[in-house]
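Every number here is computed from the coordinates shown, using simple stated rules; none is lab data. Keep in mind the model is a prediction, meaning the values are calculated, not measured. Cβ sites come from the backbone with ideal geometry, for glycine too, and all protein chains shown count toward neighbours.
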């Protein structure tokens, strides 16, 4: 399946609504945002003064004004993450207090709150669609969570805390990026790099060439860092790279002088963030920030989350301990390793994987060239949901490597579009994510605005004449982010507050993303996802068999690592052990659920952006929670056929199209016919239970 290409003048998208990235002037952004916020406040004042209790007056007019504001700031926020510069960072950070103040202004506006409450009790409410009713009921709930009922002095305190938390999150993220950029390792002697695959050497040589250096240059970007940890025979280099990676943005990050904290140290930011979050929660009547966080999630309370995580840990720990024992014995027997250091696990783990299954990521990489993987991904969603993905050329973007696509349904209707930014580069935040460029909504003039998404990864790009070649893990990451993307783009809800990913409980938002990952392991799908970049030969059956056999290699160790992060996050935000340090709390969690104890210099928490600069505070458990949902949802496809069109249509209709218009459990049971259980996840993870 080739990717269909269309020039921009043939596109169905109204590209005039898309950001013109090349025309953005960072120096003008703050004033534009300030003006847009003033307009939003005027709309609120008019609606309250008019006092007409109708959906259009209360919701639609403000939604339109907010959409304009979002379209102003969204490209700045995005570009600050993917192509950061001093000017972009300054523009972004200058907008944060303005946006925080506006968010607090709306959330604590008693007049607007009264209008929403009146609408919720009106006769019109009964005639509204389910989605519109959900917008109203969510808003009433969110007014309470924003402190609308607080006395004036407490409202001011709430506003001050919210603004400061916004600033701290941005500083945290900036420090991680700056600390990462501050480190590089130049190696001139190739003998020091024995064991590294040619693809990693080529990428490091290209990185050095771009800096006018001889030899090889290594950074902390994952595509550059991970091959060293997995393949390099030089333990000293592995140790140096590991230490640099796990001490980013800390007092140990290589910028320490005479014991003083590094210039990018996030420790004080973490402490202040936790203190302010606890104060905010107590201000609103919650015992802890964890209780406040769960007020908008599927999970009922912290006890339920704790039981969920500890139950998974109890089921996984025995096998995780056995997996570690097997690795240690293998490293000793085959390589004479007396003990495993933190920088040895990935290295010997890869050796053990090859010994057991005779397969490695590097052996598979030539079979996952970018174009083949993309066309295969689009074919998977085409078979499942009856949609077609086309590339639109000559579209204004922020970088030459960025591509733009449209999605159409089976009768040719435009459902959404997306920017795709796949490669790692300097000044780009690490990791992978999907973000909203524009949401689906009906405008006041009756026109339909189709959703637009940003899909961002950090993979190795083309090297020389070779196309970008992905590891299978990177293929899974791409499918994951595209799962978020189709959740956003295939929605049929027409009010932005609950369209796509908006309004979805945070512990359910990972359902579509983790769900789509399953097709990366299906032989019927791999037949068109993979193909050798030179010979075009399909993935050989013996390699496929080995890859599938190795699917759950050390899966229990991976499971408990994620449970460690989740329990640490939840305990941290429950305010447990407030007299102890963040590090000691993390150590305490590790004693209970970890099978590997990192060295004392490890400062994992200082770059844990998910909970300190993202939306996962007291919500990191959501990954495992949603993984239960996704595994159980996929089990229906296992029963009925992985490309069964009716099953795919049911998932589209009951989950993807519904966005946040209904409660997640209602949507899941509508698709699955029952509530979820953990059986499928444990089975898919290859964890054997006594």
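At-a-glance table
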| item | result |
| --- | --- |
| Folded to 0 to 90 degrees: helix 86-107 orientation relative to the chain principal axis, Cα | 40 |
| Ordering of 270-279, 18-27 by packing [mean C-beta count within 10 Å, highest first] | 270-279, 18-27 |
| The chain: angle of helix 267-283 to the longest principal axis, Cα-based, in degrees nearest 10 | 30 |
| Most to least packed among 545-551, 165-171 [average Cβ atoms within 10 Å] | 165-171, 545-551 |
| Packing-based order for 173-181, 476-484, using average beta carbon neighbours within 10 Å, highest first | 476-484, 173-181 |
| For the chain, share of DSSP beta bridges that run antiparallel, in % to the nearest 5 | 70 |
| Rel. contact order, % - alpha carbon contacts under 8 angstrom, at least six apart, the chain | 17 |
| Folded to 0 to 90 degrees: helix 130-145 orientation relative to the chain principal axis, Cα | 90 |
| Estimated FRET transfer efficiency (residue 393, residue 537; beta-carbon r; R0 30 Å; 0.05) | 0.55 |
| Alpha-carbon centroids, the stretch 428-451 and the stretch 55-125: separation in whole Å | 14 |
| The stretch 602-634-the stretch 406-426 distance, computed between alpha-carbon centres (Å) | 25 |
| Helix-derived mean residue ellipticity, 222 nm - over the chain, DSSP H n ≥ 4, -39500 (n - 2.57), to 500 | -17500 deg cm²/dmol |
